[in-house]
Amino acid sequence: MNVYDFDNTIYDGESTLDLFFFYIKRHPELLRRLPMVLKAFARYRRGEVTIGEMVEKYVPLVEKDALRVFDFENDPAEFWDKHMNKIKPFYKKQQRDDDLIITASPDFNIEEICRRLGIKRYLTSTIDRETGKIGRICVRKNKIRYFFEAYGGETIDNFYTDSIKNDLPLIEAARHAFVVKGNKITQVK
């Protein structure tokens, strides 16, 4: 099976950050959180934000506004109508039926893009649509844990990521691993 990180790997950018900007247009009061969000994303990209810090500092902010801000049924289609063009061309050229997307991005948004691309398997961070509570945070070492829970005995033939630091456990588990920077793909294992 081929396994792909999503953001900055097959998606050109951070889809969750783009989703935040999508929501700012509808809820301008979210603009006051922009400096904190940008700082958090930068720290996450550098591997400086711990999972514990995410749970303690950032998860409560998302949960607080989730039911007020998110329209779980309609927003993903509108978002992807505007952002489909950010899927990198290399992915469609090598897509296979057994591909798996594994990402920190939220389930309600990733489900729609996977449906549009014909991807049947994905592991994401999850948000309960009834309560707004975050159930699973699919980042760093949690990704490999969730992979083994869901696909235990399956082999990762090829793993694609934009970050060795953030996805090292999946790189180590894969037969072959590739780093994607822009449209350049470099084999690292």
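Using the rule -39500 (n - 2.57) for each DSSP H run of four or more residues, divided by the residues of the chain, the 222 nm mean residue ellipticity is -13000 deg cm²/dmol. Between PRO89, PRO60, PRO28, the residue with the greatest mean-square fluctuation in the GNM of the chain (Cα pairs under 10 Å linked by springs) is PRO28.
The distance separating the Cα centre of the stretch 56-76 from that of the stretch 141-189 comes to 28 Å.
Considering all C-alpha pairs of the chain, those separated by over 21 Å amount to 49%. In degrees between 0 and 90, to the nearest 10, how far off the longest principal axis of the chain does helix 15-26 point, with axes built from Cα atoms? Computed tilt is about 20 degrees. By the count of neighbouring beta-carbon atoms within 10 Å, fewest first, SER163, SER15 end up ordered SER163, SER15. Between the helical axis of 59-69 and the longest alpha-carbon principal axis of the chain there is an angle of about 70 degrees. With angles folded into 0 to 90 degrees, how steeply does helix 34-45 sit against the dominant principal axis of the chain? Use alpha carbons for both and round to 10. Computed tilt is about 20 degrees. Simple point charges give the picture: +1 on the Cβ of Lys and Arg, -1 on the Cβ of Asp and Glu, and for the chain a dipole about the Cα centre of about 640 debye.
Only the coordinates and a few stated rules stand behind these numbers; no lab work does. What you are looking at is a predicted structure, and each value in this text was computed from that prediction instead of being measured. Positions of Cβ are generated from backbone atoms using ideal geometry, with glycine treated the same way; all protein chains shown enter the neighbour counts.
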